[in-house]
Amino acid sequence: MVNFQRKLKKTEAAEEKNQDNFEVIEKDPEKTKEIITEEKVFRKGVLSVRDLISPASLKVSPTFLRLGQQYVRTIFVITYPRYIGVGWFAPIINLNFTFDIAMFFYPVKSAVILKQLKKRVGNLEAQIISDAEKGAARDPIRETALRDIEDLRDALTQGTEKFFQFGLYVTLYTDDKEELERLSDQIEDIFGSRLVFSRRVLYQAEQGFNSTLPLGNDELYIAFNMNSSPVASSFPFISSELTSDRGILYGINRHNNSLVLFDRFDLQNANSVVFATSGAGKSYAVKLEVLRSLMMGAEVIIIDPEYEYKHLSDAVGGTYINISLSSDNKINPFDLPRAIGGEAKAKDIIRSAVITLKGLVRLMIGNLDYNEDSIVDRALLETYAKKDITSDSDLSKIEPPIMSDFEQVLEGMEGGSDLAQRLRKYTEGTFSGLLNSPTNVQMDNQLVSFSVRDLEDELRPIAIYTIVNYIWNIVRSEVKKRILVIDEAWWMMQHEDSAKFIFALVKRCRKYYLGVTTITQDVNDFLTSPYGKAIVTNSSLQLLLKQSPAAIDLVKKTFLLTEGEKYLLLESGLGEGIFFAGNKHVAIKIVASYSEDQLITSDPRQLLEIEEAKREFEESQLEDNS
């Protein structure tokens, strides 16, 4: 109440002051002039919002405006074809430059239009009858016009259509005049390709600019008569849809809430890449795809560097293989594929294995010079020959060598003792428990996961290289519908040999009905590698979730994103991003059911709650049994 009284007193005092000024103005004209002059001086020193946003200058030319440093031109539509499809305006909306679009709709009463259409029908019928009486050939243009008018009359009468005068204007903004001309030509070409005729403003540049400002003023008033359906086809807020008859649910289209249903094996290749910052939901999205792909009958193989897929594997009865120095699970890098088709010869298989093993040796002991490369090449061939594995051997009945055999061969070769010494830590030293044993793992399950969490960072690239090579041998041995998931793929991009191997795998896997999914959070390391870029190019599916400001410019350049898509990735929430499938892409939100969420979550707090619930359930079961 006190505050109200204070405000009331201030208001009354201000009114008294104004009244005094008015009295002074009425009695003393000189005083009036002085007050007005003071008011003008005061207003010159006041900064308004208009002063902040207004351009430095405005120059009006016959066909364009010069707005500060920018050139501005408006293009308007004057006529449309008889038929125009839905989304015809999308190519212009998706152009990657700055422009404003204005649409003006002027409703026309149906009674007025029906009266005009009735007259038009009468004229057309009279002309058709007159032509028939004269024996002239029928005019298909008049007959088509008559049918269209009759259909429109029916629709207007039934209320299923309304009638409008429709104005469409596009205002372009560029930094130089040549770019303005080029963009104007491009816009007119797109309109013309759809038989939509447009014009550039002439001596109406200012009116065109004002008409596309967010003020709702149509100063051009260039309208075309249209009914509801073709007007609706010009609606600018449209988006692509990725919905097919088969496949799995990847998420929800954020533009129109439609479902993103897709089968990756229907594309040119079934490869996929997933880029996101840590905690953006990339593993969650991939695990959801894995779970749904299992239900569709695909076999899934996962390389798990952080133990993230263990809970999912246990829930669906998958095989989880832990690869570490102390683990009982071993993979021999000298294994050969059991069979890769009738045309493959033993000599070619051995040569391919030697090339792959040389890449592994480089990861283990460092780069090789030309002499060392030649020695390693001969030693690998002799290592296989030591086990009677030659071009004449039956590869289905062989016992492959191990790393110790390779070291012994190197030791006995001239110039190989130094290489054998560098290799010894993998056969007798600290790392001997990783690669120096026969293979004893089995991949006879629909879901198989390989964990390398317990390995040191130095050994991870070597282990992943060996695991991927083993998986590749299995894939080539029997063609099945499979998905290979390589999480934290940037580990492989750090070394040329492993990056080259993954790239070769991505290029060749389509022939064996395999789709490779590479996941990484270190976008810069991945995309700056020439093999990383090639992997993206050879992946028909791409999922971009929230990106860091440090990597967004590289992502934008690689995936040809617009400015709007760039900011969408910077501001995306958990599980939100852009989904690419072939030439189409949509903004997507990854959505899981409650049951799926319980199986695939990576949130430590949620996992602890699940484990606690399991313990409570088991304790209650024991109490009931007792």
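Brief remarks follow.
- Angle between the chain longest axis and helix 2-27 axis [Cα atoms, degrees, rounded to 10]: 40 degrees
- Counting only alpha carbon atoms, the long axis of helix 177-193 and the longest principal axis of the chain meet at about 90°.
- Separation in nanometres of the label points that stand 7 Å from Cα toward Cβ, at D597 and S374: 6.5 nm
- Dipole axis of the chain (+1 Lys, Arg; -1 Asp, Glu on Cβ), positive-most option in V485, I535, T98: T98
- Spacing of the two label points (7 Å from each Cα toward its C-beta) at M296 and K59, in nm: 5.9 nm
- Close Lys pairs in the stretch 58-233 (alpha-carbon distance under 18 Å; sequence gap of 8 or more, or different chains): 6.
- Straight-line cross-link partners of K31 among the lysines, defined as a Cα under 27 Å from its Cα and at least 8 positions apart when in the same chain: K10, K17, K40, K44.
- Global form of the stretch 391-480, assessed from the alpha-carbon gyration tensor, a/c cut-off 1.5: oblate
- Size of charge dipole - the stretch 332-438 - debye, nearest 20, with Cβ of Lys, Arg +1 and Asp, Glu -1, no other charges: 280 debye
- Assuming charge only on the beta carbon of Lys and Arg (+1) and of Asp and Glu (-1), the dipole of the chain about its Cα centre is about 2400 debye to the nearest 20.
- Gap separating the Cα centres of the stretch 257-283 and the stretch 417-449, nearest whole Å: 33 Å
- Radius 15 Å from Cβ of E306, net charge of other residues (Lys, Arg +1; Asp, Glu -1): -4
- Residue among N445, S352, I248 farthest towards the positive dipole end of the chain, charges placed on Cβ: I248
- Entry note, the chain: the mean residue ellipticity at 222 nm calculated from DSSP H runs of n ≥ 4, each adding -39500 (n - 2.57), is -15000 deg cm²/dmol after division by the residues and rounding to the nearest 500.
- Most to least packed among 443-451, 463-471 [average Cβ atoms within 10 Å]: 463-471, 443-451
- With θ taken as phi - 60° and the Karplus curve 6.51 cos²θ - 1.76 cosθ + 1.60 applied, the whole-hertz 3J(HN,Hα) list for the stretch 551-568 is 9, 5, 5, 5, 5, 4, 5, 5, 9, 6, 7, 7, 4, x, 5, 4, 6, 4 Hz, x standing for glycine and proline.
- Each label point was placed 7 Å from the Cα along the Cα-to-Cβ direction; for D245 and R615 their separation is 5.3 nm.
- Proximal lysines to K287, defined as alpha-carbon separation beneath 17 angstrom and excluding residues fewer than eight positions away on the same chain: K310, K589
- Sequence of R362, R264, R120, R73 once ranked by neighbouring C-beta atoms within 10 Å, starting from the fewest: R120, R362, R264, R73
- For V485, the residues whose amide H sits under 5 Å from its own are I301, I302, I303, T517, ignoring neighbours fewer than 5 places away on the same chain, with H placed 1.01 Å from N.
- Long-range HN-HN contacts of S198 with modeled amide H, under 5 Å: I78
- Among beta bridges identified by DSSP and lying wholly in the stretch 480-625, the antiparallel ones come to about 70 percent.
- Ordering of 199-206, 353-360 by packing [mean C-beta count within 10 Å, highest first]: 353-360, 199-206
- Candidate lysines - alpha carbon under 29 Å from K358, same-chain residues fewer than 8 apart omitted: K330, K345, K347, K386, K387, K397, K425, K480, K500, K507, K511, K533
- Dipole magnitude for the stretch 67-160: about 260 debye, using +1 per Lys or Arg Cβ and -1 per Asp or Glu Cβ, origin at the Cα centre.
- Förster radius 25 Å - calculated FRET efficiency between T439 and K480 (Cβ-Cβ, nearest 0.05): 0.80
- Dimensionless Rg over Rh [the chain; C-alpha; Kirkwood]: 1.16
- Computed from Cα atoms, the angle from the helix 282-295 axis to the main principal axis of the chain rounds to 70 degrees.
- Across the stretch 351-367, coupling constants 3J(HN,Hα) worked out from phi with the 6.51/-1.76/1.60 Karplus curve, θ = phi - 60°, read 4, 4, 5, 5, 4, 5, 5, 5, x, 5, 4, 4, 5, 7, 10, x, 5 Hz, and Gly and Pro carry x.
- Charge-dipole axis of the chain as Lys and Arg at +1 and Asp and Glu at -1 on Cβ define it, positive-most pick from L267, P140, L419: P140
Read the figures in this text as sums done on the coordinates, not as results from a lab. Quick caveat: nothing in here was measured; it's all calculated off a predicted structure. Neighbour counts run over all protein chains shown; Cβ positions are idealised from the backbone, glycine included.
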